[in-house]
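Q: Structure incoming, see below.
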Amino acid sequence: MDTRKDMLERLKSHQPGYSLDQAFYTDPEFFKLDMELIWYRDWLFIGHDCELPKPGSYITVQIGEYPVVVVRDAKGTIRAFHNTCRHRGSRVCTAAKGTAAKLVCPYHQWTYDLDGRLVFARQMGAEFDASQFGLKPIACESAAGYLFVCLADEPADFAPVRARLEPYLAPHRLTETKIAFESTIIEKGNWKLVWENNRECYHCAGNHPELCKTFPEAPTATGIQGSKSDPEIVAHWERCEAAGLPSTFEISDDGQYRVTRVPLLRDAVSYTMTGKRAVKKNLSDSVSTDRIGALLLYHYPTTWNHVLGDHAVTFRVLPISATETAVTTKWLVHKDAVEGVDYDLAELTHVWTETNDQDRRIVEENAFGITSPAYRPGPYSEEHEGGVMQFVEWYCNFAEDRLTGDAKPALRSVA
């Protein structure tokens, strides 16, 4: 059967409130369609402005079949390009990150300026027009310190995303931070399983002893299921709003991204084993109180985030194959915070390092079980897994609408 037709039929017959058919989690052809319909068409979180501190700073990333380089040019503008030489296609930048005065292909030394222009290509003949062979640009946008790229030829307007996210993120001044530590783990499971696991804390008590010391397990904490009816969360919103921090739950019309602020447990102010600060210096000089809980930001399909008073933890999801996903975690601190003086790196990273590894095992066991011929979609918990249902609904609607040619997928409902 034609894969597009097969996927569309399965999407149309999907039972709301249930997990997806096996093929969505295991089939390489379904994975290719995921990449085509979503990953190669949507805005994807790629990193942070602070990772490109000066002209020539760059980071590279692999998005499916596309190698990408993001660089700050001589005027300070952040740009993204296909990391493919216009000569014979070699990767130009091979390191994960670095700094360079020019971008030089290691194969034949074709040299590109930081704005993508080809400025040197030796012995190409008198008729060669270098102006026709600059690096191919990729749409790139920044929102309050978050960098997004879009591989589509005609990207969707990013302005609505920026307008919704910036009021929440701006007080934290993430452009004035630095990466204290980062790690990437490979989870042997489909990217949707990684997201489904993230979207609920139904599993937390039995799997995340470190995280459960500070982060609430209540389904209202994730900002999708009954948050506006939870008096503790509403009271927290009111306290934060009074301190000048936008906090109430917001979700985009299509369900792709949302942001909210939630309290931590008891008197906890940070993700540590004691609940005490991990960093002495505030993440932002604009935020004077410790009791702000965590600002949660979710943007499908690439990122979830926890922004606290003393540091931020950001996550990037990138699919490798139908059954492998890379999850990159970055811990951000104030740019002037000094390791060993203002923070202990082991204490700063312990909770989420442990939690990430626990989630990796969970996802891999989930993926292993789904390969069984006996697997059938099962029901989600209405009490605890509203966030999972919302993610699956978003995915089904986006994929179905794009398979049928609708350019503006929207949620039919929000849990």
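Here, each number is a calculation from the coordinates, and none is a lab measurement. Keep in mind that this is a model prediction, so the values were computed, not measured. Glycine also receives a Cβ, built like all others from the backbone with ideal geometry; neighbour counts cover every protein chain displayed.
Q: Search the structure for amide H atoms under 5 Å from the amide H of residue 180, placed 1.01 Å from N in the peptide plane, and list their residues when 5 or more places away or on another chain.
A: The list, which skips near neighbours in sequence, is 331, 332, 333.
Q: While we're looking at this one, here's another question. Taking amide H positions as placed in the peptide plane 1.01 Å from N, state which residues far from residue 112 in sequence (5 or more) or on other chains have amide H under 5 Å from it.
A: Residues meeting the criterion, in which the H sits 1.01 Å from N, are 103, 104, 105, 119.
Q: Stretch residue 23-residue 336 to full length: gain in nm at 0.36 nm per residue minus the Cα-Cα span?
A: Taking residue 23 through residue 336 to full extension adds about 107.8 nm, to one decimal.
Q: Quick one: net charge around residue 340, please, counting Lys, Arg +1 and Asp, Glu -1 for every other residue with C-beta under 15 Å from its C-beta.
A: -2
Q: Neighbour counts of other C-beta atoms within 10 Å: give me 257, 112 arranged from fewest to most.
A: In order of increasing Cβ crowding within 10 Å: 257, 112.
Q: Which Rg and Dmax, in Å, describe the Cα atoms of the stretch 159-370?
A: My reading of the Cα-based Rg and Dmax gives 16.5, 48 Å.
Q: In whole Hz and in residue order, list the ³J(HN,Hα) couplings for the stretch 376-381 that follow from phi through the Karplus curve 6.51 cos²θ - 1.76 cosθ + 1.60, θ = phi - 60°; x for Gly and Pro.
A: Karplus values, whole Hz, x for Gly and Pro: 9, x, x, x, 7, 6.
Q: Could I ask something else about it? Write down the Kirkwood hydrodynamic radius of the stretch 44-150, to one decimal in angstroms, obtained as one divided by the mean of 1/r over all alpha carbon pairs.
A: 13.9
Q: What is the set of long-range amide H partners of residue 47 at a cut-off below 5 Å, with H atoms built 1.01 Å from backbone N?
A: 147
Q: Another question about this same structure. Give me the mean projected area, in nm² to one decimal, of the convex hull enclosing the Cα positions of the chain.
A: 21.4
Q: Which value, in debye to the nearest 20, describes the size of the charge dipole of the chain about its Cα centre when Lys and Arg Cβ atoms bear +1, Asp and Glu Cβ atoms bear -1, and nothing else is charged?
A: Rounded to the nearest 20 debye, it is 1120 debye.
Q: Under the rule of -39500 (n - 2.57) per DSSP H run of 4 or more residues, summed and divided by the residues of the chain, what mean residue ellipticity at 222 nm is obtained, to the nearest 500 deg cm²/dmol?
A: Result for the chain, helices only: -7500 deg cm²/dmol.
Q: If you average the sequence gap of Cα pairs under 8 Å that are 6 or more apart and divide by the length of the chain, what percent do you get for the contact order?
A: 19
Q: In addition: Mind checking the full-extension length gain between residue 185 and residue 128? Use 0.36 nm per residue of separation minus the Cα-Cα distance, one decimal, nm.
A: 16.1 nm
Q: Let me ask another. Tell me, what HN-Hα J-couplings in whole Hz come from the Karplus equation 6.51 cos²θ - 1.76 cosθ + 1.60 at θ = phi - 60° for each residue of the stretch 134-151, using x for Gly and Pro?
A: Here the 3J(HN,Hα) series is x, 4, 6, x, 10, 4, 9, 9, 10, 9, 6, x, 9, 9, 10, 10, 9, 7 Hz.
Q: What is the calculated FRET efficiency for residue 371 to residue 3, with r their C-beta to C-beta distance and R₀ = 30 Å, to the nearest 0.05?
A: Once the sixth-power term is evaluated, E becomes 0.95.
Q: Compute the relative contact order of the stretch 159-370 as a whole-number percentage, counting only Cα pairs closer than 8 Å that sit 6 or more residues apart in sequence.
A: Answer for the stretch 159-370 is 29 percent.
Q: Then there's this: List the cysteines of the chain that have no other Cys Cβ closer than 4.7 Å: which are they?
A: 50, 93, 140, 150, 212, 240, 396
Q: Hey, another quick one. Would you kindly state how much longer the chain becomes between residue 99 and residue 115 on full extension, computed as 0.36 nm times their sequence separation minus their alpha carbon distance, in nm to one decimal?
A: Working it through step by step, the gained length comes to 4.3 nm.
Q: Related question: Taking the simple approach of a point 7 Å from Cα along Cα-to-Cβ for both residue 66 and residue 273, what is their distance in nm?
A: Between residue 66 and residue 273, the simple spin-label model gives 4.3 nm.
Q: With +1 on the Cβ of every Lys and Arg and -1 on the Cβ of every Asp and Glu, and nothing else charged, how large is the dipole of the stretch 44-150 about its Cα centre, in debye rounded to the nearest 20?
A: 240
Q: Here's a follow-up. Rounded, prolate or oblate: which one fits the stretch 146-188, using the alpha carbon gyration tensor with axes a ≥ b ≥ c (rounded when a/c is under 1.5, else prolate when a/b beats b/c, else oblate)?
A: Judged from the Cα gyration tensor, the stretch 146-188 comes out oblate (a/c at least 1.5, b/c at or above a/b).
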